[in-house]
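Here's the structure we're looking at; comments come further down.
The values are calculated or read from the model by the stated rules, or taken from the named source; none is laboratory data. All values derive from a computational prediction rather than experimental measurement. When we count neighbours, we look across all protein chains shown, and the Cβ atoms used for this are built from the backbone with ideal geometry, even at glycine. The protein model used for the area step is the full one, side chains on, heavy atoms only, and it has no ligands, DNA or RNA in it. Shrake-Rupley method; radii C 1.70, N 1.55, O 1.52, S 1.80 Å.
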Amino acid sequence: MITLYTYNTPNGRKISVALEEMGLPYEVKVIDITKGEQFDPEFLKIAPNNKIPAIVDSEGPDGRPISVFESGAILLYLAEKTGKGLPADPRGRTAVYEWLMWQMAGFGPMPGQVHFFLGQPEGPAREFGLERYGKETRRLYGVMDKHLAGRNFLATEGEPSIADFAVIGWVWRHERHQIDLADYPNVRAWYDRMMARPGVARGFEVKLA
């Protein structure tokens, strides 16, 4: 059994989607970040960076419990545990690594800043932040849209990879990014394709708050 420590955020949804897609049994322990529960000493034992999500797998690689923090590391761990979401061949794996790192380094931090500045009071700082990070967020959507032309998934064909699971959590919040997916038709088609998958749907339906 895997215990998922999380909250209803894009990074939290990445992992619930992956767990459902991979068919792994899990339970959710909500860490309410609006109440500062991410700073609880017990949570910090498994997530020293005081960020959700984190997991504890009671059946780790050597049969003993293991904890994993950081969403990208969790996705890689789950893929290696199940053999799902990460191709066996080196070229295929490398493509997944590329798009997973693309999400971790850009398509997450940048729209996350849009989230932050949308919550700030009206004024020059808010305007500057939304202009700067909104422009970069739109650029990233454009990169993805161009890449997805003629493709079903970001790095694989036939079945999605952990790169798709990582990105779907953030595209799920596209309206909050002030993004109209009609402007990015290939992203729109990919998003609809992903959201139509039963495992992805279950990953978004599970209560995380």
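When 128, 153, 165, 116 are screened for being free of Cβ contacts under 8 Å to residues at least 60 places away in the same chain and open to solvent by less than 70 Å² (accessible area, probe 1.4 Å), only 153 passes.
Residues of the stretch 61-82 that are over 19 Å from the mean Cα position of the chain (by Cα) and either at pLDDT 95 or above or of a type in the set (S, T, N, Q) (or both): 64, 65, 66. Taking the criterion of being assigned to a loop (DSSP other than H, G, I, E, B), open to solvent by 60 Å² or more (accessible area, probe 1.4 Å) and closer than 24 Å to residue 85 by Cα, the only residue of the stretch 24-49 that qualifies is 25.
Apart from one condition, residue 186 fits all of (1) among the polar types (S, T, N, Q); (2) exposed (fewer than 14 other Cβ atoms within 10 Å of the Cβ); (3) within 21 Å of residue 101 (Cβ to Cβ); the exception is (2). Say we look at the stretch 71-85 and pick out the residues that are of a type in the set (Gly, Ala, Ser) and surrounded by 16 or more Cβ atoms within 10 Å (Cβ to Cβ); which of these is farthest from residue 47 (Cα to Cα)? It comes out as 85.
From 88, 54, which residue is over 20 Å from residue 102 (Cβ atoms) and surrounded by 20 or more Cβ atoms within 10 Å (Cβ to Cβ)?
Details: 88 fails: surrounded by 20 or more Cβ atoms within 10 Å (Cβ to Cβ).
Being over 20 Å from residue 102 (Cβ atoms) and surrounded by 20 or more Cβ atoms within 10 Å (Cβ to Cβ) holds for just one of 88, 54, which is 54.
When the stretch 136-150 is filtered for residues that are of a type outside the set (D, E, K, R) and either outside the structural domain of residue 112 (by the TED database) or surrounded by 18 or more Cβ atoms within 10 Å (Cβ to Cβ) (or both), the ones remaining, listed by number, are 137, 140, 141, 144, 148. Whenever a residue of the stretch 22-34 is not assigned by the TED database to the domain that holds residue 77, it has no partner that is of a type in the set (Gly, Ala, Ser) lying with C-beta atoms less than 7 angstrom away and at least six residues away or across chains.
Do we find that residue 108 is under 24 Å from residue 52 (Cα atoms), at pLDDT below 95 and outside the structural domain of residue 14 (by the TED database) in this structure? I'd like the intermediate steps shown before the answer.
Details: under 24 Å from residue 52 (Cα atoms): yes; at pLDDT below 95: no; outside the structural domain of residue 14 (by the TED database): yes.
Taking the combined requirement at face value, the residue does not satisfy it.
Residue pairs whose Cβ atoms lie under 7 Å apart, sitting 6 or more positions apart in sequence or on different chains, and linking a residue in the stretch 67-91 that is under 15 Å from residue 57 (Cβ atoms) to a partner that is hydroxyl-bearing (Ser, Thr, Tyr) and assigned to a helix (DSSP H, G or I), are 68/77.
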